[in-house]
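Below: the structure, in structure tokens.
The values are calculated or read from the model by the stated rules, or taken from the named source; none is laboratory data. Nothing here was measured: the structure is a model prediction, and the numbers come from that model. Heads up, the Cβs are rebuilt from the backbone with ideal geometry, glycines too, and the neighbour counts pull from every protein chain shown.
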Amino acid sequence: MTNVPPAPSSLTPAPPGGTAGPGRRGAGRARPPGRRRRIALPYLLLLPALLLELLVHLVPMVMGIVASFSELTQFHIRDWTGAPWAGFDNYELAVDLNRPVGEALLTSFLTTCRFTLLSVGLCWLIGTAAAVFMQEAFRGRGFLRALFLVPYALPVYAAVITWSFMFQRDNGLVNHVVHDQLGLGGADHTFWLLGDNSFWALLTVSVWKGWPFAFLIVTAALQNIPKELYEAAALDGAGTWQQIRRITLPSVGPVNQVLVLVLFLWTFNDFNTPFVLFGKSAPEAADLISIHIYQSSFVTWNFGAGSAMSVLLLLFLLLVTAGYLLVTRGRRHDDAR
Amino acid sequence: MRRIRAASAAVTASLLAAATACGGGNANGGGGSNTAPRELTYWASNQGPDIPADQATLAPELKKFEQRTGIKVKLEVVPWSDLLNRILAATASGQGPDVLNIGNTWSASLQATGALLPWDAKNFAAIGGKDRFVESAIGSAGAAGKDPAAVPLYSMSYALYYNKKMFKDAGVAKPPATWDEMVTIGRRLSRGGKWALGAEGANPSNNIHQAFVFSHQHGAAFFDAAGKPTFDTPANVAAVKQYVDLMAKDKIIAPGNAEYDKNQSLQDFANGKTAMVLWQSAASSFKAHGMKEGDWGVAPVPVPAGGTPGAGRNVNSMVAGINLAVFKNTDNLDGALKFVEFMTGDEEQKLLNATYGSIPPVKAAQSDPAFAGEDSTVLRTTLATSAAPLPQVPEESQFETAVGTAVKELFADAAAGKPVTTESVRAKLTKAQQQMSS
């Protein structure tokens, strides 16, 4: 087997905005100063973004990965680089299903999967239905559209804390309406923030918060579909449902693929909603993985194990995203053919 | 040329931003320095009914300190829910305040981080000596055998607060002294939408304080002599079950209290929905909720049948309180010591503790007439004779969370009508212990 020689220089792309050749090869001949500046400028402009990206994302990420291999507890938090090396102990702890930490992590992971599936599905369904419905012009459409976007525009904290008041058992609006006004669910008020119901309370808030984004994106996609397609379909005798199935849905396909991915990532990692709704320790039924990891790190002060769990979560999300992109890209290519 | 200049300006700006984000630290590792002698940052915990009330109480005192020493104190009142995490973040980054409040139960945990200034003989001498403080308060300022990690500032203990009118309406002459009496009287008070006792069922810290006392009364402890957790011993299981049973079996705590974690039980008490609460220094909160002095009475927390509050099995409170700590890497060690001396001086101790309804941990200030009222007498006697400090082990804060959360889940079961049995209590406590040991 022979080594592959380096690619010949002729394959390197010519720099933009000028003739490649003599200037490049001519040893000792300096480039005109104007051109040098033109080449440097894009990089100079990119530099701040690159630096910030490095500081805001990469450095903490690397620190987290290093911490996941160490025994980082309150004894070493002051000088965390000096924490003893733990090897893969934290990872073993996180995935060992025979011990309470691993078992609880798995339960939380499965809860999060179920929650994400339901939340993303409902957000997409409600958002798409509303977007399709709002395509037709009618009186008050603008007002309604603005109203739909309110949950998206509100600060998360304020919105979720309002929900937490509404879900309170004795003084909350939800029980007041369900039990006192509609007479449903028996005489005893239901607990929404405790026990198994907490899952449904969390899902309600998550969908309420998430669907307007789906609505916004699908609306934008719908507005790009040429009206002529519908006119032609109508002439051919296609009904509303057929138009939606044959024109609307395929046309918004690529946008939907991105939308679902973004909703998935946001929902799976959502920390604010359960934290504001339940505080530092969520009920078991609503123990999403983000809160669970927070608790492992910041409440029980086992920062090493918490970091290991975060790295595992990151790997899982990367895998799912990569798989999803591969599958959907394949489908896009099929569509193109 | 103009474009180049703009680009380099952008680069310089971002580099500067990066530099200020990383730099500006005052970590010098050693025992503090005095590079900024004219200013101090102070994180006070939220003691009064709300944060503005604390600011209003402390601002004139800090002004007084500034006039005397020329040192300006920048005050930030931190809510309880954020305090521990804020301290941890400050410890990790080295960007903390100079002086701060810590809950006294966290002393040993925070001492283990090594970020707080140890109060050795020299530092104590700078504030008038260790002997000025009550012994039990010093006992909850760090692990045994080590220099304390903080200095006691406000002392508190639990008492039983009862609504005099509700007692009169139900024909109850005096507050319960034992748990048996609590249940008997409680059943008479719990009717017509009103309940006998309030609880903060979803607040792990409050749960742990109650569980700790019940555990003492059952002759048990949550840690053995070697500092190993012993959460699920039969005596501890019985202790936790007795507390949760006040809702589950005795039905004298309203099920709705299982979701309380923002002092809603104090509001219920002030509104006449519950007749009693077990609380520490609650007077100022009751007044803030519209009650008048004399509307409520104060009695010692009940003990097991036949006993009277005292040491051993008749412990009826944890040693509660706030300590004042100094961050080791302060830029102004001398100023910080002066500030601690000021805050723990007789004059400030009388004034601040009287405002907050707490007890001064400084002996000389305790004899002030301000602390001779009914409330203060009960709290002071409890502190002196029947209160015990929570375990001073480095894992204390984890213990609070693990067992406190287990009790929270048990209350949730009780509220939802699920049975709370010896088995279910043991299972929760075993799980909490396993989480601690991993």
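Looking only at the range B:263-292, which residues are in a strand (DSSP E or B) and of a type in the set (S, T, N, Q)? Those that are in a strand (DSSP E or B) and of a type in the set (S, T, N, Q): B:T274, B:Q280.
Within the range B:398-434, being of a type in the set (S, T, N, Q), facing chain A (nearest Cβ under 8 Å) and farther than 14 Å from A:S281 by Cα holds for one residue alone: B:Q434. Against the test of being of a type in the set (S, T, Y) and touching a helix residue (DSSP H, G or I) at 6+ places or on another chain (Cβ under 7 Å), the options B:S109, B:S81, B:S93 yield a single qualifying residue, B:S109.
Each residue in the range B:76-85 was checked for being in a helix (DSSP H, G or I) and surrounded by 17 or more Cβ atoms within 10 Å (Cβ to Cβ), and 2 of them qualify. Of everything listed in (1) over 17 Å from B:N203 (Cα atoms); (2) at pLDDT 90 or above, the single unmet condition for B:G417 is (2). Within the range B:135-174, the set of residues being crowded, with 19+ Cβ neighbours inside 10 Å, more than 27 Å from the chain's Cα centre (by Cα) and modelled with pLDDT under 95 comprises B:V172 only.
One residue stands out in the range B:84-103 among those that are modelled with pLDDT under 90 and among the hydrophobic types (A, V, I, L, M, F, W, C): the one that is nearest to B:S155 (Cα to Cα), namely B:L84.
You will find that of B:G307, B:G272, B:G290, the residue that is free of Cβ contacts under 8 Å to residues at least 24 places away in the same chain, surrounded by fewer than 19 Cβ atoms within 10 Å (Cβ to Cβ) and within 24 Å of B:G198 (Cα to Cα) is B:G290 and no other. Buried (at least 20 other Cβ atoms within 10 Å of the Cβ) and under 23 Å from B:Q55 (Cα atoms): is that true of B:T382 in this structure? Considered against the rule, which asks whether it is buried (at least 20 other Cβ atoms within 10 Å of the Cβ) and under 23 Å from B:Q55 (Cα atoms), B:T382 comes out as no.
Taking the range B:64-79 as the range and being free of Cβ contacts under 8 Å to residues at least 60 places away in the same chain and in contact with a strand residue (DSSP E or B) (Cβ under 9 Å, 6 or more places away or on another chain) as the test, the residues that pass are B:E66, B:K72, B:K74, B:L75, B:E76, B:V77, B:V78, B:P79.
Going residue by residue through the range A:305-315, is there one that turns out to be surrounded by fewer than 18 Cβ atoms within 10 Å (Cβ to Cβ), closer than 25 Å to A:F199 by Cβ and at pLDDT 90 or above? Checking the range A:305-315: at least one residue is surrounded by fewer than 18 Cβ atoms within 10 Å (Cβ to Cβ), closer than 25 Å to A:F199 by Cβ and at pLDDT 90 or above. Just a yes or no: is a residue in the range A:239-254 out of contact with any Lys or Arg (no Cβ under 6 Å at 6 or more places or on another chain), closer than 16 Å to A:R114 by Cα and charged (D, E, K, R)? Scanning the range A:239-254 turns up no residue that is out of contact with any Lys or Arg (no Cβ under 6 Å at 6 or more places or on another chain), closer than 16 Å to A:R114 by Cα and charged (D, E, K, R).
Just for the range A:30-41: of the residues that are in contact with a helix residue (DSSP H, G or I) (Cβ under 9 Å, 6 or more places away or on another chain) and free of Cβ contacts under 8 Å to residues at least 12 places away in the same chain, which one is farthest from the other protein chains (Cβ to nearest Cβ)?
Top of the filtered list is A:A30.
Looking across the range A:57-88, the residues that are away from chain B (no Cβ under 13 Å), surrounded by 16 or more Cβ atoms within 10 Å (Cβ to Cβ) and not in a helix (DSSP H, G or I) come down to A:F69, A:S70.
Scanning the range A:283-300 for residues that are surrounded by fewer than 24 Cβ atoms within 10 Å (Cβ to Cβ) and either of a type in the set (A, V, I, L, M, F, W, C) or away from chain B (no Cβ under 14 Å) (or both) yields A:A285, A:S290, A:I293, A:F298, A:V299. The test for being under 19 Å from A:W124 (Cβ atoms), more than 14 Å from every other protein chain (Cβ to nearest Cβ) and either among the small types (G, A, S) or touching a Phe, Trp or Tyr at 6+ places or on another chain (Cβ under 7 Å) (or both) does not hold for A:L265.
When A:V120, A:V101 are checked against the criterion of being part of a helix (DSSP H, G or I), within 9 Å of chain B (Cβ to nearest Cβ), within 30 Å of A:D196 (Cα to Cα) and in contact (Cβ under 8 Å) with a residue 24 or more places away in the chain, a single residue qualifies: A:V101. Consider B:N236 carefully, then state whether it is over 30 Å from A:I161 (Cα atoms) and buried (at least 21 other Cβ atoms within 10 Å of the Cβ). For B:N236, the condition - over 30 Å from A:I161 (Cα atoms) and buried (at least 21 other Cβ atoms within 10 Å of the Cβ) - is met. Selection within the range A:174-199: residues that are among the hydrophobic types (A, V, I, L, M, F, W, C) and crowded, with 18+ Cβ neighbours inside 10 Å. The member of this set that is nearest to A:T111 (Cα to Cα) is A:F199.
Looking only at the range B:399-438, residues that are under 20 Å from A:A305 (Cβ atoms), without any contact (Cβ under 8 Å) to a residue 24 or more places away in the chain and in a helix (DSSP H, G or I) come to 1 in all.
Annotation for the range B:234-252: at least one member residue is in contact with a Lys or Arg (Cβ under 8 Å, 6 or more places away or on another chain), touching a residue at least 24 places away in the same chain (Cβ under 8 Å) and under 19 Å from B:P300 (Cα atoms).
Considering the range A:136-228, the qualifying helices (runs of 4 or more DSSP H), each wholly inside and each with 1 or more residues that are within 13 Å of chain B (Cβ to nearest Cβ), run over A:156-166, A:197-222. Checked against (1) crowded, with 24+ Cβ neighbours inside 10 Å; (2) touching a His at 6+ places or on another chain (Cβ under 9 Å), B:L116 meets all criteria but (2).
Could you grab me the full set of residues in the range B:282-318 that are aliphatic (A, V, I, L, M) and either within 30 Å of B:Q95 (Cα to Cα) or at pLDDT below 90 (or both)? Listed by number, the residues that qualify are B:A282, B:A283, B:A288, B:A311. Taking the range B:51-75 as the range and being within 15 Å of B:G335 (Cα to Cα) and assigned to a helix (DSSP H, G or I) as the test, the residues that pass are B:L62, B:K63, B:K64, B:F65, B:E66, B:Q67, B:R68, B:T69.
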